[in-house]
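Report on the structure given below.
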2 protein chains.
Amino acid sequence: MRIPKSHPRYESLVRRETLVRAWKQGIVVPEGLIAHGRGEAFDYLFGEETTAPALVAEKAAAAFLVQAKRPVLSVNGNVAALASSEIAGLARRLSAVVEVNLFHRSETRVRRIVRIMRDAGAPTVLGLRPNATIPHLESKRAFSHRRGVYGADVVLVPLEDGDRTEALVHMGKTVISIDLNPLSRTSRMASVPIVDEVRRALPTVEKFVQELQGDPEETTRICAEYDRRGNLAAVYSFLEWRLGVLTRRPRAKPRARGKRRTRR
Amino acid sequence: MRIPKSHPRYESLVRRETLVRAWKQGIVVPEGLIAHGRGEAFDYLFGEETTAPALVAEKAAAAFLVQAKRPVLSVNGNVAALASSEIAGLARRLSAVVEVNLFHRSETRVRRIVRIMRDAGAPTVLGLRPNATIPHLESKRAFSHRRGVYGADVVLVPLEDGDRTEALVHMGKTVISIDLNPLSRTSRMASVPIVDEVRRALPTVEKFVQELQGDPEETTRICAEYDRRGNLAAVYSFLEWRLGVLTRRPRAKPRARGKRRTRR
């Protein structure tokens, strides 16, 4: 299907097609498509734009990544499909390791995603031959690398599930999540929950990283002052406000009535 | 994966697995999985239960179906995967025709879904060899049957897209939708929008049909008094209330704090 650029939801529809294509290539699993749909619903509620509280979280995430000794970016099928070059760009900027972690792990799929991330220009991509396990996670989902997520002090987990986020937080790591559902366990558990679309969030985080790399004082200030709870509360307030706007819309456009001329 | 019955989101997880299985069998398309995810997000917001306003809409839907001269139930891949026996039960109760309509139409998939609906016990299942076209819809999406949706006075369209819903409304039909997104064009355009999960909604509609088939006076009264706009407004109010409950929850459970003992 050809999507015209003028379509009001162009970006969202292109993302959907990208994901279906990645599923055909064996990168995304069906469960990943369903998860994407959940994100779409929340993004629709947010107006498909980065909100002010998300921007604050993205700046905080950048500060924690800049301060990190061993920053690691975690990648799964959906992330590789939607934002491989954004992840690779951020990894280069931070000299960060990328680790491929799959909820529905198969060696073939890990290999494919490692290749995608290398082709996108990520300097170090781990995932094959894991040599560590994250405590409190079942079997294959626990696989990790000592030089990767397992040994990281700050981990970025875009589109991550709640169990893994919780397990990483319990290891004492600073966990930065990117998840459009502000009510998900991931968003509730993460040290820095970014409630935004992954392809919008990552370049913004990278831009803030670039700014903060030259400003250690500002970086320290942001890390000290970031208020996780207050930020999530602002996200919730925004969502409630948007829901009010959206649900009042039909009454605000009375001409919609006239159009329904043939209705019973 | 084995899902324990005690899991608080058991029903939702089983539905997800059912859909992935149906996708493997070529009944559901990837776009259908994404659409299901969008529904999941709204169902989560609604608390995965039939709301009071949904119940009112389900009773109204039953009344319109009982009054109909030519009621038709429209079925697509997701509906066949999730609720074939519920649709078949309602079709038998109403002596209604079932018509298979696919957004991503292929003859193979139509044939598969026709077979599923017949196996589930639907008395008349149309879809193959269409002999009419719905005006204002592009090519394959317009295919219909004179004895089916095209000639119906009341059409039930579970999990339908906005364009088709709008086109059917413009033909002067009473269109009953089942869609978990109360803000979708389908819910906004339908004559009787049911905002509920399809597997919960259909048996409830059937139960009301059974009640109303013996009570023509009550049926007429419900059809006359049903207030589409007021009902949707009640759905929106409920959603706003639920969002408030969900977002205030973390503060209401202070013990969650103590658990995060290892957090920075």
- prompt: Can you list, shortest first in nanometers, how far A:ARG146 lies from the same residue in the other copies, with each label 7 Å from Cα toward Cβ?
  reply: 7.8
query: Can you list residues whose amide H is under 5 Å from B:ILE178's amide H, if they're 5+ apart or on another chain and H is modeled 1.01 Å from N?
result: B:VAL157, B:LEU159, B:GLU160, B:ILE194
field: Loop-located trypsin sites (Lys or Arg not before Pro) in the stretch A:144-219, at most 13 other Cβ atoms within 10 Å (DSSP)
entry: A:ARG146
message: Let's test the formula: R0 of 35 Å, r as the Cβ-Cβ distance of B:SER106 and A:SER6. What FRET efficiency results, to the nearest 0.05?
response: 0.75
- line: For the stretch B:26-77, listing trypsin sites (Lys or Arg not before Pro) in a DSSP loop whose Cβ sees at most 14 other Cβ atoms within 10 Å gives B:LYS69
statement: Shortest first and in nm, the label-point separations between A:MET171 and its counterparts in the other identical copies (7 Å out along Cα→Cβ) come to 5.7
field: Selection from B:TYR236, B:GLN213, B:ALA122 lying farthest towards where the dipole of the stretch B:105-264 points positive, charges on Cβ
entry: B:TYR236
- request: Determine ³J(HN,Hα), in whole Hz, for all residues of the stretch A:201-209 in sequence, where each value follows from phi through the Karplus function 6.51 cos²θ - 1.76 cosθ + 1.60 and θ = phi - 60°; x replaces Gly and Pro.
  value: 5, 4, x, 5, 4, 4, 4, 5, 4
- prompt: According to the square roots a ≥ b ≥ c of the eigenvalues of the Cα gyration tensor, what is the shape class of the stretch B:33-178, taking rounded for a/c under 1.5, prolate for a/b larger than b/c otherwise, and oblate for the remainder?
  reply: rounded
5 angstrom amide H check on B:LEU102, placed H, neighbours 5+ away: none
field: Between 0 and 90°, nearest 10: helix A:52-67 axis offset from chain A longest Cα axis
entry: 10
- prompt: Residues of A:173-186, mean number of Cβ from any other protein chain within 10 Å of their own Cβ, rounded to a whole number?
  reply: 2
statement: If one compares the long axis through the Cα atoms of helix B:77-94 with the longest principal axis of the Cα atoms of chain B, the angle in degrees, nearest 10, works out at 60
Estimated FRET transfer efficiency (B:SER139, B:ARG229; beta-carbon r; R0 35 Å; 0.05): 0.55
- prompt: Under the definition of partner shielding as Cβ atoms of other protein chains within 10 Å of a residue Cβ, what is the mean value for peptide B:23-33?
  reply: 4
statement: Rounded to the nearest 5, the percent of DSSP beta bridges in the stretch A:59-152 running antiparallel is 25
task: With the full set of protein chains in place, find how many percent of the accessible area of chain B is carbon and sulfur; take the probe as 1.4 Å.
output: 50
task: Could you name every residue in the stretch B:230-244 that has 30 Å² or more less accessible surface in the full protein assembly than in its own chain alone (probe 1.4 Å, ligands and nucleic acids excluded)?
output: B:TYR236, B:GLU240, B:LEU243
message: Just to be sure I understand: with springs between alpha-carbon atoms less than 10 Å apart, which residue in B:SER184, B:SER85, B:SER139 has the highest mean-square fluctuation in the Gaussian network model of chain B?
response: B:SER139
message: Rounded to the nearest 5, what % of DSSP beta bridges with both residues in the protein assembly as shown are antiparallel?
response: 10
- prompt: Using protein heavy atoms only (no ligands, DNA or RNA), what is the total accessible area buried between A and B, 1.4 Å probe, nearest 100 Å²?
  reply: 4600
Test item: A:38-50 mean partner chain Cβ contacts at 10 Å: 4
query: Inter-copy label distances at B:LYS69, 7 Å along the Cα→beta-carbon direction, one decimal in nm, shortest first?
result: 8.1
query: So what are the ³J(HN,Hα) numbers for the stretch B:183-188, from phi and the Karplus equation (6.51, -1.76, 1.60; θ = phi - 60°), rounded to whole Hz, Gly and Pro as x?
result: 9, 5, 4, 4, 5, 6
statement: By the C-alpha gyration tensor axes a ≥ b ≥ c (rounded if a/c is under 1.5, else prolate when a/b exceeds b/c, else oblate), the shape of the stretch B:1-99 is oblate
message: How high is the relative contact order of chain A? Use alpha-carbon pairs under 8 Å, at least six apart in sequence, and give a whole percent.
response: 22
field: Inter-label distance for A:LYS24 and A:ARG248, nm, one decimal - labels placed 7 Å from Cα along Cα-to-Cβ
entry: 4.4
- prompt: In chain A, which residue puts its Cβ closest to the axis that turns chain A onto chain B, and how many whole Å away is it?
  reply: A:GLY37, 1
- line: Relative contact order as a percentage, the stretch B:36-177, C-alpha pairs under 8 Å and 6+ apart, gives 24
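The values are calculated or read from the model by the stated rules, or taken from the named source; none is laboratory data. This one's a predicted model, so the numbers in the text were calculated from it and none came from an experiment. Please note: Cβ atoms are built from the backbone with ideal geometry, for glycine as well, and neighbour counts cover all protein chains shown. Calculation scope for accessible area: heavy atoms of the full protein, side chains included, ligands and nucleic acids excluded. Shrake-Rupley method; radii C 1.70, N 1.55, O 1.52, S 1.80 Å.
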